[in-house]
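Structure record follows, encoded as structure tokens.
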Amino acid sequence: MMRYVIGAGLGGEGRVGGPGRGGLGVAVPRWILRGPQRCEEGYTYRVFRPTTLPRLLMPHLYRRLVAFTAALALGAFAPALATPATAAETSDTTTLNILGITDLHGHIETTSDEPGAVTLACEVAAARAQNPSTLFVSNGDNVGGSAYISSILDDQPTIDVLNAIGLDVTSAGNHEFDKGITDLADRLIPAFNAPILSANVTGNAALTAEGSGNGTWITEVDGVRVGFVGVVTEELPSLVSKSALEGLTVSDATATANARASALKDGDASNGEADVVVVLAHEDAAIYGNQFNGSVDAVVAGHTHVPFADVVKSTDGTDIAVVQPDHYGLKLGEISLTVTTAADGSKTVTAATARNLDLADSDCTTDAYGVADIVAKAQTDSEAAGNQVLTTLESDFFRGTNDGTDYGANRSTESTASNLIATSFASWLAEDIQPATDYAIGLMNPGGVRADYLAGELTAGEAYMVQPFGNEMAYATYTGAEVKQVLAEQFQPTTTRAALMLGTSDNVEVYLDQDAADQLEDYFTQISAVTSEAEKAALIESLADDIADARSRVIDAVYIDGELLDDAASVAVASNTFLLAGGDNFETLGEKTMINTGILDRTVTADYLARVAPATASYHKHQIGTSLAIDGDTVTARFTGLSYSATAEQGVGEAAASISATVDMADGSTRTLTTSDIDQSVTPGLPETGQATLTFAVPDAPPPRGALSTA
């Protein structure tokens, strides 16, 4: 009797169902099986192979005086967005105006999409002229992962701009740690006139000493003592290389901020006292804004590059004005706090507002603080540094999208840009290192790809913008089982993204169990909906076993160089030092000792692109989800991730447009069982763009010497 060979395990011989009626054998698709599977009667079935799918499938007081003097001189400015004075001040009230930015990432140049530093400076100057009780603050990520104009010059232009505007205080974002604590302590802290605060990162004397110490800074504005507490996301260890945090301890961000805020209002002068406490929290406002206690009056948030502005309730039921001013200087957060002084001299916040000002709508472009000259010089210097043409690209290579054109917005999907970089790593590994392993592959973290490759000449400056972090090339050896575990770790339901889909080199094909992927995405939805940190932690703990089980099943099969990857095989993996150290929660990668070559990752990619010029995107997907079900005589096969999420990469070249199941007849003819167009709708925040379902009836008997194949 013949048997079902309908694999739940892609590329394997796992069974789904059992013996078929009449002894009919049905094989797993060849591009799933990777090689024809012969049934007992010698019939070979190949199904669901669209021809366009895979072949094998990042002096203070003096400065304050200068800034204040400049603001007075700019009193005649006509700001487009500054808020008019709310009311005449009385003797017992003061209105504090806190202007905030976050995740500037060196975007100081005015472009068609970004207002730039000149507009930012103009608006800040106008606001100060209108209300001298104004503070200008940042939530961090001022530098690192920066625009080319800044990053190629080690971000000095951005530092110069913020110093010129008169930044009062900033927290450290995760990108301030990109080049390590030594760089932060020895270069960035001395370079910034504003104190850099990070209360929940301890172990470095220079960082701890910043501001008023222990991650706080207290200043007096119109008789009101304003205390700032800076904290960075507690995911920091997964966002930078382990060596960057050597000797440091990263603690819970909200718990640390709440403890510092309470200390600033506990009446104990020895630990510093403040009338108003503002937390600069490099965490998402929508998730963490209401996790602060009643000692906190305002929060400037960031990290996730999304805007937020609202007055929310603290854990004690008091009001907290919260802003998250988007990113790249697109918005200027504005918090207004009315502070009332009681008869006994105590001060409390009696009114608060929060909003984001859209700088793209501002017509305030008068130069303030000499920022225009700083930007102009940076333009000249960066152009000189980056005009060298490295190679020519035949096509674009885009990052993942949420709507088809917002390149880079979706890190939860595969992209041609990430795959290209991973392929360059694999080529370097195979040709320059030549490891004595069964296989050599490349991997690339999506967050490390900060711009797209565009067709035409590729200059050094443009290449720098794509890979701006200055990570070094490294490699390590893993077993086949460990590589599969790494790929399973792409699904991260307990973090801020459902998945982080790695770029994989062209010699890698990954087949996902879509049912398991659906479960992991559902767990992400459940966890993300919980706002209480305590409840979220409890839910994560309760789902731990289920998540582990789904992760254990989500990778059906992996093929390298066209061969099914065995668990015992040895695989050399090349990537940047950040990823191989376990960054972005790829813990399995960090369990092995890497060999760091000291070569910059972007140099390896540039050399590869020059060698294969002109590089052209193939549009073959490397990672595809499948789900196979049988109901009696009916087979239903579901496919996801058949397309890239950039609409410009759909329906072009070899990009998949449809999928068919066919049977090759004994006389050499081909009969199509069913065909389905691929739904190219983009799936925001998920890796499943390009979906299709095939449903067909199983033939009563195998066709003589026939074979199911692809259309």
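Observations on the structure shown:
- Both radii are taken from the alpha-carbon atoms of the stretch 156-289; with Rh as the Kirkwood radius, Rg/Rh is 0.96.
- When the inverse distances between all different Cα atoms of the stretch 293-407 are averaged and flipped, the Kirkwood radius reads 18.6 angstrom.
- Zone of Asp361's modelled label, taken as backbone nitrogen in the stretch 299-313 under 19 Å from a point 7 Å along Cα→Cβ: 306-311
- For the chain, the antiparallel share of DSSP beta bridges with both residues in that region comes to about 70%.
- Sites Asp522 and Asp373 - FRET efficiency at Förster radius 51 Å, r taken between beta-carbons, to 0.05: 0.40
- Residues Trp428, Trp217 in ascending order of nearby Cβ atoms (within 10 Å, fewest first): Trp428, Trp217.
- Label-point separation in nm, Ala342 to Ala610, each point 7 Å along Cα→Cβ: 7.1 nm
- Expressed in Å, the radius of gyration and Dmax of the Cα atoms of the stretch 543-675 are 20.5, 60.
- Thr695-Thr496 FRET efficiency (beta carbon distance; Förster radius 41 Å; 0.05 resolution): 0.65
- Partners of Lys242 within straight-line reach, counting lysines whose Cα lies under 25 Å from its Cα and excluding those fewer than 8 residues away in the same chain: Lys179, Lys484, Lys592.
- Between the C-alpha center of the stretch 502-517 and that of the stretch 371-401 there is a gap of 33 Å.
- Counting other Cβ atoms within 10 Å as a rough exposure proxy, the listed residues Arg187, Arg611, Arg260, Arg602 run Arg611, Arg187, Arg602, Arg260 from fewest neighbours to most.
- Furthest towards positive pole of dipole, Gly370, Ala581, Gly213, structure part the chain, Cβ charges: Ala581
- Stokes-Einstein translational diffusion, the stretch 100-379 - Kirkwood Rh over all Cα pairs, 1.306 mPa s, 10 °C, in µm²/s: 86 µm²/s
- Placing a pseudo-label 7 Å from each Cα along the Cα-to-Cβ vector at Glu394 and Asp406 gives an inter-label distance of 3.3 nm.
- Under the Debye formula (equal points on every Cα, no solvent term), log10 I(q)/I(0) of the stretch 477-629 at q = 0.16, 0.20 Å⁻¹: -1.01, -1.34
- Full extension of the chain between Asp561 and Thr249 gives 108.1 nm of extra length, using 0.36 nm per residue less the Cα-Cα distance.
- Pairwise Cα inverse-distance average, inverted: Kirkwood Rh of the chain (Å): 27.3 Å
- Fully extended contour minus Cα-Cα distance, from Asp432 to Ser542, at 0.36 nm per residue: 34.9 nm
- When the Cα atoms of the stretch 273-353 are aligned to their principal axes, the ranges along those axes come out at 44, 24, 20 Å in descending order.
Values quoted throughout were computed directly from the atomic coordinates according to the rules given, and no laboratory measurement underlies them. These numbers were taken from a predicted model, which means no experiment stands behind them. Glycine also receives a Cβ, built like all others from the backbone with ideal geometry; neighbour counts cover every protein chain displayed.
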